[in-house]
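> Take a look at the following structure, please.
The values are calculated or read from the model by the stated rules, or taken from the named source; none is laboratory data. Every value quoted in this text rests on a predicted model; they were computed, and no experiment measured them. As a convention, Cβ positions derive from the backbone with ideal geometry for all residues, glycine included, and neighbour counts pool all protein chains shown.
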Amino acid sequence: MSRRYGGNSLKLIAFGLFAIILLIVYWFYHHEKMPDEQRYQYDKISTTNTESLRETAQDFSGKETPLPIAIDAKTNFKDYSKRFYVPNDTDIHIFAVGEAADYRTNPFLFRPWDNDGVEFFFDMQNEKNTVFDFNKGNRQYRILWKSLKVDGQNLNLKGVKFRESDPSNKTYLIDLLLPWKSLGFVTPHPGLKFGFDATIIDCDNGSEKAKIDWHNKLDDDWKATNHYGTILLIRPNEYRSDTTEGRALQRVKGHSFSELTPFYQYHHVTVGYVTDPSDLSGKFRAEWDYDNLYLQVLVTDNIKTMANALFDYGWIENPEGEMIWAMKNTGLRYAGGAKKNKFIDTCIRLKKGHYLLKYHTDESHSPAKWDDAPPDTKFYGIRITSQSKTRE
Amino acid sequence: MNNLFRGKIIIQARQYAIYFLTVIGLHGLSSCYNGSSRSNQAELYNKKYAGAIAQYHDAKDSLKLKALRFILANLDDQFYFRSNWLDAYKNSIQSINKPSTTQLAGKLDSIKRIYPATINKVSDTSVLTNTFLIRNIDEAFRSVNFKWSKDVSFTDFCEYVLPYKIGNEKPDYWRQLVWEQSYLNLDSLARCDDAFSATAYVNNHLNWMKGTLNYDYPTDIGYRELKSIATGSCYSISRVALFEMRSLGLPVAIDYTPSWGNRSEGHYWAALIQNGKPYPLDAAGPNIGFYKIEYKGMDRIPYKISKVFRQTFSIQKNSLQQLRHPADACPPVFESSRIKDVTDQYIPVSDIKLRYHSAFKERFAYLFTFNDKTWTPCYWGVIDDHVVTFKNMGRDILYLPALYLNSNEIIPLGDPFIVYKDGTVKQLKVNTKKRQPLKITRKYPEDETNKIKKGDLYETLFWDNGWKSLGAKVATANELTYNNAPMNALFLVKDLTEGKQERIFTYENESQVWW
């Protein structure tokens, strides 16, 4: 009986040990798999592209070819690319057809000038403080182009007048008349100095694209008048150009701005980017008499003539990825059919070398699925030929 | 010859034979998960609407009979909502002339405080009569007598013109109401030569409807109420467009993306269906040819699409709602049998196949995109022996594969991955053993306010089967720097001081790349 009992005990102990080993193995297994949280990991992932909306006819093998070369953009959602070379410096002819829209063809796009405008900041005591102080007569005037109103901070608009005009299709002009009384001065005089700054706001797409400034170097500098420049009131015969301060020339009664009154350029880009002076630039000038201060700003902004957006377009790159030429919002002509069909027909000179011809199509409007009338040109895309070939 | 009336079938059987054939037809159409209960329903519908069937049979109008069969075959689970507070709300706002969204929301709040919050789902069949169905069908057929009707196939007519309702609104005689609009008289419409110009004409006259991002009626409402409220989100405006366009025989659908692939929210739009292709327009906004779904302005980041669905009248046998057991957890966005995946009609797509192992016995897995705050389900796939395929997924988007256990719980099935424009895929397997310096200049890619602001408190997180913190710190300049960020990770920056917008990004060539 006892032997039998002893034998059972050994079996029990062995079973217990076996169970413990199983538990340890189980613990190790799960300890490795899930140390502190549930975690799964797929061991294979693959994708298969559906062909229904993809290009099928073009050859993009990467083979380099001489001119002429063309990308026939047949479908939407495509970035086309073809390599080519020119053996010598060559005048080339580019013909490209694409899709572009502006506020005139699509009323739901922003008008290019929406939220464009100018701002003036005044520190009438010329105290050059570290704040913009309402109690010290600091003032901000803002005029959004075509908005027909003046707003800002700490304003007295009594007697304030302004006028806007279009000297050209790439510029706009704003004239502002501020009675001295509205600025807090009753008796201005030659030699009077006040803190001043001027800003131009460019919102190519309704939202702020760039700001340029006469004196401030940072966007927030207007909040501290010690960043402002200074305007000095002088008589016309006192003007000298060798000064960094601004000068307001006394106005001859009944006259408008004198040719002698100097313009001051907006030098500092405080927000965004400006590609060149035609993208955004400006200058202002000031005159005064014993009743008013007169300001005038001339803004150059090529957005006035630009399409809001290019949707299907082409360009040329060098092997380093630098853009040599591109369809841009300016210079496009109507290609027939829907108003958004545009083409460009131009010539440029390419240096001997290797290039990439590229064309991008967006989500809609291409020969695969026109969503409006197609262009009259049978061709849609970009093609380049050497000038000599074209003449033949 | 009008496509609609091609292949006209003359049925000469007696009334009882019609019943029999209709039952057989409905039975064939109802091959779905709960097929047998569907056929029982079909028999009930045939009995209930025997009068309408008999009328078209006796008149030997086989096309209208076919149209009626289409409606009866898709009558299951057609419903609207009824409650005392909804009725009270509707009555109160209809007395206000052009209510503002604040007034509407205020009225709703005050009424909900008075009335019990109960709301009942009412089957359409409880209010649909033979007379109603006959009038709807007759009016739908009257609406296809325009110049553009010749391009409408009978299939498109049934799906996009014929239905007596658009969503879950209470059935109503809306076509007659639309025809009473002065700008929709025959003289005005005579200038429209085709479906495109007619669609544009109607859409140009929808400016009485005021779009708003922050208000929608609590349930789908009919044309009569929409005319009265005259405000709503893109969904409500699209519904108005559909009521008006369908009443003119234009085959138009509501297509939508429930959540953008690279930002919060989603969007609904209307689409004219021509030769099987959708031509999208933004209701009360840009017309076909002007409307871009992804483009939102020059220099602005395009909105990316992971999925486009269409609201249909017909039951979609391949919808998740039809395929799942009642016990299978399902995100609310897929709780309808009337959702059709039309992504490949809009964008280039890829099928994504995953093989994984988990202890869960779920029958469906999901792909999620990030909606600025959380992961949001964008599509589902059937799991078959630990392999799941997600069909027709948009590209250039980052996805997280996961199981959905209930409305609040998701179990990731592995690392997030990116499907690039060309369809290639990259798995973001975070490497916490290898670290890198990280310089962050923005928390979101939209505008100036999303730049890192000196003085604000930020927390940066990385994804490792869940969000893990790299630490919170106050920005001492207009950028945040970390020296110990893991490699190959997905990151997220939260501004703990102010602001809402957050966006996931990867770090490549010392730059933030947004997804």
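> Considering only residues that are touching a strand residue (DSSP E or B) at 6+ places or on another chain (Cβ under 8 Å) and either of a type in the set (Val, Ile, Thr) or not in a strand (DSSP E or B) (or both), which ones fall in the range B:399-421?
Correct list: B:410, B:411, B:413, B:414, B:415, B:416, B:418, B:419, B:420, B:421.
> Please work out which residue is nearest to the chain's Cα centre (by Cα), limiting yourself to the range B:50-71 and to residues that are surrounded by fewer than 22 Cβ atoms within 10 Å (Cβ to Cβ) and closer than 16 Å to residue B:131 by Cβ.
B:64
> Right, next: Do you know which of the residues in the range A:273-321 that are of a type in the set (Lys, Arg) and at pLDDT 95 or above is farthest from residue A:202 (Cα to Cα)?
Ranking the candidates gives A:285 first.
> Quick check: is even one residue across the range B:498-507 part of a loop (DSSP other than H, G, I, E, B), modelled with pLDDT under 95 and of a type in the set (Val, Ile, Thr)?
Looking for residues that are part of a loop (DSSP other than H, G, I, E, B), modelled with pLDDT under 95 and of a type in the set (Val, Ile, Thr), one finds none in the range B:498-507, hence no.
> Hey, any hits in the range B:454-463 for a residue that's within 14 Å of chain A (Cβ to nearest Cβ), assigned to a loop (DSSP other than H, G, I, E, B) and exposed (fewer than 13 other Cβ atoms within 10 Å of the Cβ)?
yes
> For the range B:345-366, which residues satisfy the criterion of being in contact with a Lys or Arg (Cβ under 9 Å, 6 or more places away or on another chain) and either buried (at least 16 other Cβ atoms within 10 Å of the Cβ) or more than 7 Å from every other protein chain (Cβ to nearest Cβ) (or both)?
Hits for the range B:345-366 are B:345, B:347, B:348, B:349, B:350, B:351, B:352, B:353, B:354, B:356, B:363, B:364.
> On to the next question. Does residue B:319 qualify as being modelled with pLDDT of 95 or more, surrounded by fewer than 18 Cβ atoms within 10 Å (Cβ to Cβ), within 27 Å of residue B:70 (Cβ to Cβ) and not aliphatic (A, V, I, L, M)?
Criteria not met by residue B:319.
> Would a scan of the range B:165-175 turn up a residue that is in a helix (DSSP H, G or I) and touching a residue at least 12 places away in the same chain (Cβ under 8 Å)?
yes
> If you go through the range A:62-83 one residue at a time, do you hit one that is over 30 Å from residue B:295 (Cβ atoms), of a type outside the set (Asp, Glu), modelled with pLDDT of 90 or more and surrounded by 12 or more Cβ atoms within 10 Å (Cβ to Cβ)?
yes
> Filter the range B:258-286 for residues that are within 9 Å of chain A (Cβ to nearest Cβ) and not hydroxyl-bearing (Ser, Thr, Tyr) and give the result.
Within the range B:258-286, B:277, B:280, B:282, B:285, B:286 meet the criteria.
> Could you look through the range A:226-260, keep only residues that are more than 30 Å from residue B:448 (Cβ to Cβ) and touching a Phe, Trp or Tyr at 6+ places or on another chain (Cβ under 8 Å), and pick out the one that is surrounded by the fewest Cβ atoms within 10 Å (Cβ to Cβ)?
Residue satisfying both the conditions and the ranking: A:260.
> Within the range B:416-425, is there a residue that is of a type outside the set (A, V, I, L, M), surrounded by 21 or more Cβ atoms within 10 Å (Cβ to Cβ) and either under 14 Å from residue A:47 (Cα atoms) or at pLDDT 95 or above (or both)?
yes
> Return the residues of the range B:483-497 that are of a type outside the set (A, V, I, L, M) and either assigned to a loop (DSSP other than H, G, I, E, B) or crowded, with 19+ Cβ neighbours inside 10 Å (or both); say none if nothing qualifies.
B:486, B:488, B:491, B:495, B:497
> Further question: Of all strands (runs of 3 or more DSSP E) completely enclosed by the range A:287-377, which ones contain at least 1 residues that are within 27 Å of residue B:395 (Cβ to Cβ)?
Filter on the range A:287-377 gives A:309-317, A:323-326, A:353-361.
> Residue check, residue B:405 against (1) surrounded by 15 or more Cβ atoms within 10 Å (Cβ to Cβ); (2) hydrophobic (A, V, I, L, M, F, W, C); (3) under 32 Å from the mean Cα position of the chain (by Cα), all met but one. Which one?
Answer for residue B:405: the failing condition is (1).
> Looking at the range A:34-43, is at least one residue modelled with pLDDT of 65 or more, surrounded by 10 or more Cβ atoms within 10 Å (Cβ to Cβ), more than 14 Å from chain B (Cβ to nearest Cβ) and assigned to a loop (DSSP other than H, G, I, E, B)?
Checked the range A:34-43: no residue is modelled with pLDDT of 65 or more, surrounded by 10 or more Cβ atoms within 10 Å (Cβ to Cβ), more than 14 Å from chain B (Cβ to nearest Cβ) and assigned to a loop (DSSP other than H, G, I, E, B).
> Does residue B:325 fit the bill of being within 12 Å of chain A (Cβ to nearest Cβ) and surrounded by fewer than 18 Cβ atoms within 10 Å (Cβ to Cβ)?
Against the criterion (within 12 Å of chain A (Cβ to nearest Cβ) and surrounded by fewer than 18 Cβ atoms within 10 Å (Cβ to Cβ)), residue B:325 does not qualify.
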